[in-house]
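Colleague: Below you will find the structure I want to go over with you.
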Amino acid sequence: MDLVNEIHRIGVKKGDTLNLKVSMKSTNVTANELIAALLEAVGPEGTIMAESFIRSYPLRYLRTHKKTSSRFTPSYAGWFANAMIHYPGSVRSSHPIQRFTAIGKRANELMNAHTADSYAYGPLQMLCLTGGKNLNIGKVVGVGTTHVAIGILGLKQVIPRVGIYQDGELFKRDWAGGCAVGFGNFKHEYLGCDKIAGANCTLSDMHTTLTNELWILSEDPSYFMCGKCIDCRYSWEFSPGWKPLNRVMLSLFRTYNYLKWSLTN
């Protein structure tokens, strides 16, 4: 079946704004072929957007290695993210670390509003308020709106001392993160609908997923935790190990990881 028809069959419509999470390893097409098909599926009135986050660095490392962030800095988010960055007509936000990339009618509107002064996941919040849809393709975890829920609820975390330089200025991370494994606890909220390019996919309304996540996390803020990793166990105010001594252990663990990382970079 034609790729555009596959995308329409799962419920994507002309004029849609899609927040994409894609594992290219799960598909049988190239990233550029998938982007072209998605753009054709949403049409000239539609928009596609994907995270294209940039690696941040320990502040101690940045004292001597001034790593910088710019429009075409590669993303660690994978093949699809980097294909989006270089695709003709793409627009990338100027947030120094949590950059997103968008293509289509709303690209400038969404990306120009996401700067160093914005909430790290601001574009996702904007889509939640304006009819955006989550489209997951392949083996990916979560839909992104959990980060918006965490920000709205003000859930507190011990934040790693990391950052990056942009335009000569040091930018430091100032937002809570989450657990990539634990985000899978919400998967029952996002029903699978079919396949695109040979990969399983889910399509969901962003306002609906955010509303559900806000309700769940207001009842149990630890719901997104895996309960096993060091961050889940020690870094949140509702972690089982949230005590001064254990917070010192977390700091020591991160220092150890920094030393190990710096010897190999």
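The values are calculated or read from the model by the stated rules, or taken from the named source; none is laboratory data. Computed from a predicted structure; not experimentally measured. All Cβ positions, glycine included, derive from the backbone under ideal geometry; neighbour counts span all protein chains shown.
Colleague: Under the condition of being surrounded by 15 or more Cβ atoms within 10 Å (Cβ to Cβ) and charged (D, E, K, R), which residue from the range 230-244 is nearest to Gln125 (Cα to Cα)?
Modeller: Out of the qualifying residues, it is Asp231.
Okay, residues lined up against (1) within 17 Å of Leu127 (Cβ to Cβ); (2) modelled with pLDDT of 95 or more:
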site: Leu3; (1), (2): no, yes
site: Lys13; (1), (2): yes, yes
site: Val22; (1), (2): yes, yes
site: Val29; (1), (2): no, yes
site: Glu33; (1), (2): no, yes
site: Ile48; (1), (2): yes, yes
site: Lys66; (1), (2): no, no
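Colleague: Given the structure, is Ala107 hydrophobic (A, V, I, L, M, F, W, C) and free of Cβ contacts under 8 Å to residues at least 60 places away in the same chain?
Modeller: Details: hydrophobic (A, V, I, L, M, F, W, C): yes; free of Cβ contacts under 8 Å to residues at least 60 places away in the same chain: no.
No.
Colleague: Separate question: Please work out which residue is nearest to Thr202 (Cα to Cα), limiting yourself to the range 14-30 and to residues that are in contact (Cβ under 8 Å) with a residue 40 or more places away in the chain and of a type in the set (D, E, K, R).
Modeller: Lys21
Colleague: Okay, next question. For the range 191-229, what are the residues that are in a loop (DSSP other than H, G, I, E, B) and either buried (at least 19 other Cβ atoms within 10 Å of the Cβ) or of a type in the set (Gly, Ala, Ser) (or both)?
Modeller: Going residue by residue through the range 191-229, those that are in a loop (DSSP other than H, G, I, E, B) are 191, 197-198, 220, 225-229.
Matches in the range 191-229: Ala197, Gly198, Met225, Gly227.
Colleague: Ok, one more. Search the range 129-143 for residues that are in contact (Cβ under 8 Å) with a residue 24 or more places away in the chain and within 13 Å of Phe186 (Cα to Cα) and pair each with any residue that is part of a strand (DSSP E or B) and among the basic types (Lys, Arg) when their beta-carbon atoms are under 8 Å apart and the residues are at least 6 apart or on different chains.
Modeller: Val140/Lys21; Gly142/Lys21; Val143/Lys21
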